[in-house]
1. Which ranges mark the helices (runs of 4 or more DSSP H) fully within region 337-420 that have 2 or more residues being aromatic (Phe, Trp, Tyr) and surrounded by 20 or more Cβ atoms within 10 Å (Cβ to Cβ)?
2. Which count do you get for residues in region 57-71 that are within 13 Å of residue 245 (Cβ to Cβ), aliphatic (A, V, I, L, M) and under 17 Å from the mean Cα position of the chain (by Cα)?
3. Inspect region 107-116 for any residue being surrounded by 24 or more Cβ atoms within 10 Å (Cβ to Cβ) and either farther than 30 Å from residue 356 by Cβ or modelled with pLDDT of 85 or more (or both) and give the result as yes or no.
4. Within the set of pairs 6 or more residues apart or between chains, which connect a residue that is under 15 Å from residue 64 (Cβ atoms) and in contact (Cβ under 8 Å) with a residue 60 or more places away in the chain inside region 248-270 to a residue that is assigned to a helix (DSSP H, G or I) and of a type in the set (Ser, Thr, Tyr) with Cβ atoms less than 7 Å apart?
5. Can you list residue pairs whose Cβ atoms sit under 6 Å apart, with the first residue in region 195-221 being without any contact (Cβ under 8 Å) to a residue 60 or more places away in the chain and farther than 24 Å from residue 75 by Cβ and the second being loosely packed, with under 14 Cβ neighbours inside 10 Å and basic (Lys, Arg)? Count only pairs 6 or more apart in sequence or on different chains.
6. Surrounded by fewer than 18 Cβ atoms within 10 Å (Cβ to Cβ), under 20 Å from the mean Cα position of the chain (by Cα) and assigned to a helix (DSSP H, G or I): which single residue out of 230, 243 fits that description?
7. For residue 390, all conditions in the list (1) among the hydroxyl-bearing types (Ser, Thr, Tyr); (2) farther than 28 Å from residue 280 by Cα; (3) under 20 Å from the mean Cα position of the chain (by Cα) hold save one; what is the number of the exception?
8. Name the one entry in 7, 59, 28, 20 that is within 14 Å of residue 294 (Cα to Cα), among the β-branched types (Val, Ile, Thr), buried (at least 20 other Cβ atoms within 10 Å of the Cβ) and in contact with a helix residue (DSSP H, G or I) (Cβ under 8 Å, 6 or more places away or on another chain).
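The values are calculated or read from the model by the stated rules, or taken from the named source; none is laboratory data. Nothing here was measured: the structure is a model prediction, and the numbers come from that model. Note: ideal-geometry Cβ built from the backbone for every residue, glycine included; neighbour counts use all protein chains shown.
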Amino acid sequence: MTWFIIIPIMLALFMLNMRIYLAMFVGILIYFIGFSDVPLAIAVQRFMSPAENPSLLAIPFFVLLGTLLGSAGVAIRLLRLADLLVGRLTGGLGHTNVMLSTLMGGISASNLADAAMMCRMVVPEMERQGYKRSVAAAITACSSLITPIIPPGIALIVYGLVADVSIGSMFAAGILPGLLCCVLLLFTVWIVAKKNGYKPSREAWPSWGETGRTFAGAWPALLLVVVIVGGIRFAIFTPTEAGAIATIVTLIIGIFVYREMRISDVTSAFTETARQTAAILLVIMTSSALAWIFSLERAGIGMAEFITSITTNPYVFLLLVNILLLGLGMFIEGTAIMIILVPLLKPVVLQLGIDPVHFGLIMILNLSIGTLTPPVGTVLLLVCNLSRVSIPAFMRDGWPFLLAILVALLLVTYVPWFSLALV
């Protein structure tokens, strides 16, 4: 049970706001120096070996892709398309906000990037059209949770690597849960708009001519979604190849089709990608060493025996996991929770007959909700800061949208079809 000593140490360091990889590295170092006879050379080897995994190449490509989208002119055209589809409904701009996050979710892969973009593009216009700023911020924050669920979400890639599950399967599994969140949020926006008198953003449904022009302008952006999701789903190329091809297509679209991307945009995108990729890679390397410790100490088996002594009912187990993840998500960053718990819980998941892909979507959706809960919700803090909204006001006006996401969580948890139908 010496492995259990390092978990409280890491959790304490997480809550003191130490970087994830540093906190895990400290815990791993304490284990190898104080509680293990394994040579430090083996520890270094276990730390470095994950960097040789070719699947990791998918991460920088998708990070670069998400970084390039803003300057390529893709987002503004998808905004026009979203408004075309739902702008005539009651609360049209709120619906457009949700639809744009869904469309961008198939490309940008990051909820923080999506939320930041929406705060700049959509929230000011929603306020001009009569929305309370706190309502606009809440819709923006909650709809951004769709982004890490719909492929190619970075969380799907990280879970696939940590749980040793096919990334292509995770991508396919994320489509229906993402669309489910979209539908439930659209319904909630309609209810809130009816109650508060928010009007449609369009006076009439678009004409055939406007529809044709909008789709003609947006087709290169839609092509990216087809390239990424369709190519992986039909085994035309791997997730890594999909990221590389989509990045090249984005550069072509931004430079030669829309002609809005400058060389300075490309160089800054590469710089930001290098920074984000380095941070993600350090987390994965330390998580691999941590998972090796858990395996060496038979921690997963011990956890499985402990949980099955409490319950062998998979539905009760999933309920307990949801409560645990929602609680931890209020205090600890989601990636850290995933990296610690997946190696521990996977033996239990397999023993109870739960599909690891299905469990991955449950975990990712839980941890996405954690980004909206104080005190350390990253999306909550980002949106409140950019929109100049207080956290109490956000929670007061945002609870209907949070409730919609929780309903989606329950459906994904207890109806595996949503996760597994397309796998």
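1. Numbers: elements: 356-370, 378-387, 391-414, 417-420.
Correct list: 391-414.
2. To start, the set of residues in region 57-71 that are within 13 Å of residue 245 (Cβ to Cβ) comprises 57-58, 61-62, 64-65.
Then keep just the ones that are aliphatic (A, V, I, L, M); that gives 57-58, 64-65.
Checking the rest, the ones that are also under 17 Å from the mean Cα position of the chain (by Cα) come to 58, 64-65.
Residues flagged as within 13 Å of residue 245 (Cβ to Cβ), aliphatic (A, V, I, L, M) and under 17 Å from the mean Cα position of the chain (by Cα) within region 57-71 amount to 3.
3. Among the residues of region 107-116, not one is surrounded by 24 or more Cβ atoms within 10 Å (Cβ to Cβ) and either farther than 30 Å from residue 356 by Cβ or modelled with pLDDT of 85 or more (or both), which makes the answer no.
4. That search, which allows pairs on different chains as well, returns 254/71; 261/71; 265/71; 269/67.
5. Nothing qualifies.
6. Working: 243 fails: surrounded by fewer than 18 Cβ atoms within 10 Å (Cβ to Cβ).
Unique residue meeting the criteria: 230.
7. So the condition that residue 390 fails would be (3).
8. Values: 7 fails: buried (at least 20 other Cβ atoms within 10 Å of the Cβ); 59 fails: within 14 Å of residue 294 (Cα to Cα); 20 fails: within 14 Å of residue 294 (Cα to Cα).
Exactly one residue qualifies, and that residue is 28.
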